[in-house]
Amino acid sequence: MSEPYGATFTVSAPDAELLGRVVGGLPRGWGRADAGGSSAPAAGRFELLQDERGYRIRLPGGAESASVDLELAVSMLRTRLRRAAAAHHGEAVCLRAGVVTHLGRAILLPGPALVGTSTLVDALVRAGAEYRSDELAMLDADGMVSAGAGAPSSGPVASPGVSVGLVAFAVYRPGASWSPRRLTGGEALVALLGAAVSAQDRPAETLATLRRALAAADVLEGARGAADETAPSLLRAAPATGR
């Protein structure tokens, strides 16, 4: 049992070694709960299964995804756990986005999995930013970025509670040069809403939180090339605290 953001989930695997690989890579803020002493019922069961064809992950409700590669299966299961935990958080608004901070404000990198967000987050950290998360961003009721759902892969972790200074919808395209356009307030709100995990369950609260988060933020959109080439441009574009 793990208890991220106050939610309790059951996690199972064929043996102790495989279970250790799953829970050992979960981010900071997760912990094992005493199955006999936990007062909260499990919010769902997540399973890593193995058969002669490879590996499968089974989600609450019975949906399954298969992979012949163990590392990919474990990664998919961790991702599903993180997103389920964020969706069960009763107060924060969760975004599918990487997060770093620079000059006292947050840079959000919204986007689904496998579009290069983690690579760009790592490049920003190497360029001098502070790591928060490479997958999920948590916004409090004031639109401030609170503790992320990921554990740092490199670099220091920033302190909680910072305003959003820059949102960059930066999609990787081989050979592209980062030359973004600035989104209008309405365009930015619609685009960020698409990254919000809680948009369907709590639409009014989500919209209000996103408006607060974007109140003093610059929002850029464009194709990018190599992460190490794009990162310095993003840091130069990021406004500092007190702008």
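The values are calculated or read from the model by the stated rules, or taken from the named source; none is laboratory data. Worth saying up front: this structure is predicted, and the values here are computed from it rather than measured. Backbone-built Cβ (ideal geometry, glycine too); neighbour counts: all protein chains shown.
Remarks
- Count of the stretch 93-127 residues, restricted to those that are at pLDDT 90 or above and in contact with a Gly (Cβ under 9 Å, 6 or more places away or on another chain), is 20.
- Of all residues making up the stretch 184-198, the number that are of a type in the set (V, I, T) and in contact with a helix residue (DSSP H, G or I) (Cβ under 7 Å, 6 or more places away or on another chain): 1
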